[in-house]
Amino acid sequence: MWSKRSGISKDGSVKHLIELTDHLCVEAVWIPQENGVNLCISCQVGCPNKCRHCATGTVGFERDLSDLEIIGEVGLLLAEHGDGKGPVRVLFMGMGEPFLNYENVISAVAGMVEKGLIGSAQDAIVSTSGIASGIQRLATEKIRPRLAVTIAAVPDEKRVRLIPTTKFFPLADIMSACRHFQTMTQEEIICEIPLIDSFNSSVDDAHAIADFLSSLTCEIQIVPFNHFPPSAFRRPDPNGLSIFTATLKSRGMKVAVKPSYGTDIAAGCGQLANTDASSPSTVRQ
Ligand code: SF4
């Protein structure tokens, strides 16, 4: 595997293009924090899901990464940048749907713990677009990363316009799987809302999401949309974001707005698309 820096953000994040042994590429991002570092990594070359809020969905799907390749991404980033003198957190929020590469993702998390790259499995977060069968299965794992689920919009008729797999895993199935996960694990679930102006950002949208999530112990993480070409979606303005957030809080929901790191180098949430897939490479593992 080879890696080269393909962008350095003004916020300190560094995007890497990682070339695999068969010359296919994925992207990964090193994101320094006040306390430690977040590593946003990929688990598939491209993604078959084609979510409309995500640039990865535009590049097509090539293949799954093996567990060793996933561990290798983490190893490359840490070898080049270090751990920020604090805890390392691994986010499966780069390219690919983790639960469509389930065995390799779980095996990679176990391998990272074994090699001491992360302190425990709970230092990894697996973010799914809502593959309900994967959520059910994760509940049975002994070595288990934290679970994040992209809810995005309610009801199904709206959500499917953003996340096509809603046709196979409707919100009722996702909720049923999340309840099962919580019964089995007693763990809080992160529910992500990619927020898009004039699509899912109204007060009514916030109430629909609050109604849907009211029975779950969760933290809602709002991710304001990060632009990528040729998407016509727009990020909500600060006032709209504030009203949406306040509406959820008024309903008693635990809410955070996720900071946008690396958007100036197309390394933010939903922006990874191998936009700099040119050689030469610089770091080898
Ligand atoms: S949001 Fe995740 S599941 Fe959807 S296309 Fe992007 S990488 Fe794939």
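Which of the residues spanning the range 30-84 are part of a helix (DSSP H, G or I), open to solvent by less than 20 Å² (accessible area, probe 1.4 Å) and either within 16 Å of the ligand (Cβ to nearest atom) or among the polar types (S, T, N, Q) (or both)?
55, 56, 57, 70, 73
What are the pairs, 6+ residues apart or on separate chains, where a residue within the range 124-152 that is under 19 Å from residue 107 (Cβ atoms) and open to solvent by less than 30 Å² (accessible area, probe 1.4 Å) has its Cβ under 7 Å from a residue that is assigned to a loop (DSSP other than H, G, I, E, B) and within 11 Å of the ligand (Cβ to nearest atom)?
Here the result reads 127/93; 128/97; 131/97, each pair linking the range 124-152 to a residue that is assigned to a loop (DSSP other than H, G, I, E, B) and within 11 Å of the ligand (Cβ to nearest atom).
Kindly evaluate residue 15 against the criterion of being of a type outside the set (A, V, I, L, M, F, W, C) and open to solvent by less than 10 Å² (accessible area, probe 1.4 Å). Talk me through it step by step, then tell me what you get.
Details: of a type outside the set (A, V, I, L, M, F, W, C): yes; open to solvent by less than 10 Å² (accessible area, probe 1.4 Å): yes.
So residue 15 fits the description; yes.
Please tell me if residue 229 is open to solvent by 70 Å² or more (accessible area, probe 1.4 Å) and either within 16 Å of the ligand (Cβ to nearest atom) or in contact with a helix residue (DSSP H, G or I) (Cβ under 6 Å, 6 or more places away or on another chain) (or both).
On the way: open to solvent by 70 Å² or more (accessible area, probe 1.4 Å): yes; either within 16 Å of the ligand (Cβ to nearest atom) or in contact with a helix residue (DSSP H, G or I) (Cβ under 6 Å, 6 or more places away or on another chain) (or both): yes.
Yes.
Residue 130: out of contact with any Cys (no Cβ under 9 Å at 6 or more places or on another chain), within 13 Å of the ligand (Cβ to nearest atom) and of a type in the set (Gly, Ala, Ser), yes or no?
So residue 130 fits the description; yes.
The values are calculated or read from the model by the stated rules, or taken from the named source; none is laboratory data. For clarity, every value in this text was computed on a predicted model and none was experimentally measured. Using ideal geometry, Cβ is built from the backbone for each residue, glycine included, and neighbour counts are taken over all protein chains shown. Heavy atoms of the whole protein, side chains included, go into the accessibility calculation; ligands, DNA and RNA do not. Shrake-Rupley method; radii C 1.70, N 1.55, O 1.52, S 1.80 Å.
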